[in-house]
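Participant: Please read through the structure below; I'll follow up with questions.
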Amino acid sequence: MRLNRNKVILVDAADVETGTAEKLDAHRRGLRHRAISVFVRNRAGALLLQRRNPEKYHSGGLWANACCSHPAPGEGVADAASRRLREEMGIACPLEPLFRFSYREQVPPDLVENEFVHVFGGWHEGPVQPDPSEVIETKWIGFDPLLAEVAENPSHYAVWLRRYLAAHGGVIAGWSALRR
């Protein structure tokens, strides 16, 4: 199947599909759409973060979790999460659902994130080979040091990561503490 990556899946508050829209138009108009987000941890429990390329259409230069994106029309959320993790970070690992989360937030320059997000987690040991058009830097960080950094410099972190930590920090902390 050929994916149309320029379109997003519009959804209602219960994540029921209502149509599609061009990705940038959905963000300009603040239309609610389906998204995916992935956390990756290593055996020590450290979380993989990426610093977004400054050329991204929003939130460039900010730190975020391993990857975030949108499933294409006709693509399942788990498939999209695996695909984007390979494309953005150059890694493949089994993923499991962690939680779902809805939020609406203004993001510079003049866009709106209005997303129903399916958040996944996976673990990875070994090299990370990010796509430089997506990611300019990566780091592994423990959960508590991440919370401290976000509290000290919230403007350095993508809004969705800050929102996940505030609303689902217990889930992320518990999951990242698991050892493989």
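Yes/no per residue for (1) more than 19 Å from Val150 (Cβ to Cβ); (2) out of contact with any strand residue (DSSP E or B) (no Cβ under 9 Å at 6 or more places or on another chain); (3) surrounded by 20 or more Cβ atoms within 10 Å (Cβ to Cβ):
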position	(1), (2), (3)
Glu22	yes, no, no
Arg29	yes, no, no
Ser37	no, no, yes
Arg43	yes, no, no
Leu49	no, no, yes
Pro54	yes, no, no
His58	no, no, no
Cys68	no, no, yes
Ala78	yes, no, no
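Participant: Okay, moving on. I'd like to check something: does the stretch 146-169 contain any residue that is within 21 Å of Ala44 (Cα to Cα), of a type in the set (S, T, N, Q) and surrounded by fewer than 16 Cβ atoms within 10 Å (Cβ to Cβ)?
Facilitator: No; the residues of the stretch 146-169 include none that is within 21 Å of Ala44 (Cα to Cα), of a type in the set (S, T, N, Q) and surrounded by fewer than 16 Cβ atoms within 10 Å (Cβ to Cβ).
Participant: Taking the stretch 66-78, which residues are assigned to a loop (DSSP other than H, G, I, E, B) and within 17 Å of the chain's Cα centre (by Cα)?
Facilitator: Ala66, His70, Pro71, Ala72, Glu75, Gly76
Participant: Now for a different question. Go through (1) polar (S, T, N, Q); (2) surrounded by fewer than 16 Cβ atoms within 10 Å (Cβ to Cβ); (3) in a helix (DSSP H, G or I) one by one and return the number of the condition Ser176 breaks.
Facilitator: Evaluating Ser176 over (1) polar (S, T, N, Q); (2) surrounded by fewer than 16 Cβ atoms within 10 Å (Cβ to Cβ); (3) in a helix (DSSP H, G or I) leaves (2) as the failure.
Participant: Note down all Cβ pairs under 8 Å where the first residue falls in the stretch 169-180 and is farther than 12 Å from Gly121 by Cβ and modelled with pLDDT of 75 or more, the second is among the β-branched types (Val, Ile, Thr) and not in a helix (DSSP H, G or I), and they're at least six residues apart or on different chains.
Facilitator: Here the result reads none, with nothing in the stretch 169-180 linked to a residue that is among the β-branched types (Val, Ile, Thr) and not in a helix (DSSP H, G or I).
The values are calculated or read from the model by the stated rules, or taken from the named source; none is laboratory data. Computed from a predicted structure; not experimentally measured. Every residue, glycine among them, receives a Cβ derived from its backbone with ideal geometry; neighbour counts consider all protein chains shown.
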